[in-house]
Amino acid sequence: MNFITVKSYDELSIKAANIIASQIIMKPNCVLGLATGSSPVGTYKKLIEKCAAGELDFSTVTSVNLDEYVGLNGDHDQSYRYFMNTNLFDHVNIDKNRTAVPSGISGDLEAEGAAYDKHIESLGGIDLQLLGIGLDGHIGFNEPADVFTKETHVVDLHESTIEANARFFESIDDVPKKAITMGMGAIMNAKKVLLVANGANKKEILEKAFFGPITPQVPASILQLHPDVTVIYSEN
Ligand code: GLP
């Protein structure tokens with residue numbers, strides 16, 4: 001594991017964007033696993049700048065996102081589809097038909113999960129998976145549990161996650177209680193993993209996840225078993 005501590009969020013964003021840009025340059029038809037949350041927003045801004053400067057071409061890139069809230073459709077301003085459109089896809093030359101976010105409004109979420117995994121498999125898996133980390137150690141929305149779940153599945157969001165994400169909604173009651181998330185199978189099968197985290201409040205969970213025991217109670221700890229993980233952390 002490569003654990004990089006940087007001095008500022010800007011530096012984190014520049015480094016993460018450079019790693020993603022290198023991936024796209026080396027393999028223009030790569031499959032990117034993408035993440036939401038506040039941590040990757042700066043990274044996406046830097047990628048948009050590179051694309052605008054003509055340094056980066058997303059036209060043959062395919063993407064698969066980690067997760068979506070159950071019950072929000074893609075037009076909802078807190079849905080992860082909306083987040084991806086407004087924070088990245090609308091501003092780069094990616095073909096939106098090549099971008100996938102699990103549907104949180106499918107009538108059969110179990111079938112949606114199975115189809116999502118098939119889709120990832122049909123793409124040959126993920127070349128580079130970008131991740132954030134929740135305060136409870138979740139990646140995607142894989143919450144602390146008794147087991148690691150391999151497949152894309154529906155989860156009950158933990159109270160601390162609902163509280164942490166309430167800042168994006170009008171009130172805590174508006175935060176969905178469930179989400180559909182990629183499981184550990186597709187994440188661990190990704191050829192490379194890049195995890196970005198910023199803020200002093202993430203320090204403790206990063207220590208547990210990357211230097212503590214591997215346990216489904218700290219979902220990100222499974223990444224210690226991945227052969228190619230880079231973590232970029234900024235305390236500020
Ligand atoms: C959400 C997302 C995660 C993300 C986490 C941390 O719960 N489902 O993918 O990593 O938040 O977000 P932030 O970067 O805003 O702390």
When you go through (1) hydroxyl-bearing (S, T, Y); (2) closer than 22 Å to A190 by Cβ; (3) in contact (Cβ under 8 Å) with a residue 60 or more places away in the chain; (4) open to solvent by 40 Å² or more (accessible area, probe 1.4 Å) one by one for T5, which number turns out not to apply?
-> (2)
For the stretch 59-87, name all the residues that are touching a residue at least 40 places away in the same chain (Cβ under 8 Å), buried (at least 17 other Cβ atoms within 10 Å of the Cβ) and not in a strand (DSSP E or B).
-> L66, V70, L72, Y80, F83, M84, N87
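Select, from A200, A190, A164, A186, the only residue that is closer than 26 Å to A17 by Cβ, in contact with a Lys or Arg (Cβ under 9 Å, 6 or more places away or on another chain) and of a type outside the set (S, T, N, Q).
A186
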Any idea how many residues of the stretch 137-177 are aromatic (F, W, Y) and in a helix (DSSP H, G or I)?
-> 1
Here are some conditions: (1) open to solvent by less than 70 Å² (accessible area, probe 1.4 Å); (2) among the polar types (S, T, N, Q); (3) farther than 23 Å from F83 by Cα. N189 meets all but one. Which one does it not meet?
-> (1)
Any residue in the stretch 39-53 that's among the β-branched types (V, I, T): show its pairings with residues that are part of a loop (DSSP other than H, G, I, E, B) and within 16 Å of the ligand (Cβ to nearest atom) at Cβ separation under 7 Å, as long as the two are six or more apart or on different chains.
-> I48/L88
Does T181 count as of a type in the set (V, I, T), within 18 Å of Y116 (Cβ to Cβ) and either within 13 Å of the ligand (Cβ to nearest atom) or open to solvent by less than 70 Å² (accessible area, probe 1.4 Å) (or both)?
-> yes
Residues located in the stretch 23-42, provided they are assigned to a helix (DSSP H, G or I) and over 15 Å from D90 (Cα atoms) = Q23, I24, I25, M26, G42
Name, by its number, the condition in (1) open to solvent by 30 Å² or more (accessible area, probe 1.4 Å); (2) more than 24 Å from M182 (Cβ to Cβ); (3) not in a loop (DSSP other than H, G, I, E, B) that does not hold for I19.
-> (2)
Which of the residues belonging to the stretch 88-108 are open to solvent by 40 Å² or more (accessible area, probe 1.4 Å) and assigned to a helix (DSSP H, G or I)?
-> D90, H91, K96, N97, R98
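The values are calculated or read from the model by the stated rules, or taken from the named source; none is laboratory data. Predicted model only: the values in this text are computed from it and were never measured. With ideal geometry, Cβ positions are generated from the backbone for all residues, glycine too; neighbour counts draw on all protein chains shown. Keep in mind that these areas ignore ligands, DNA and RNA; they rest on the heavy atoms of the full protein, side chains included. Shrake-Rupley method; radii C 1.70, N 1.55, O 1.52, S 1.80 Å.
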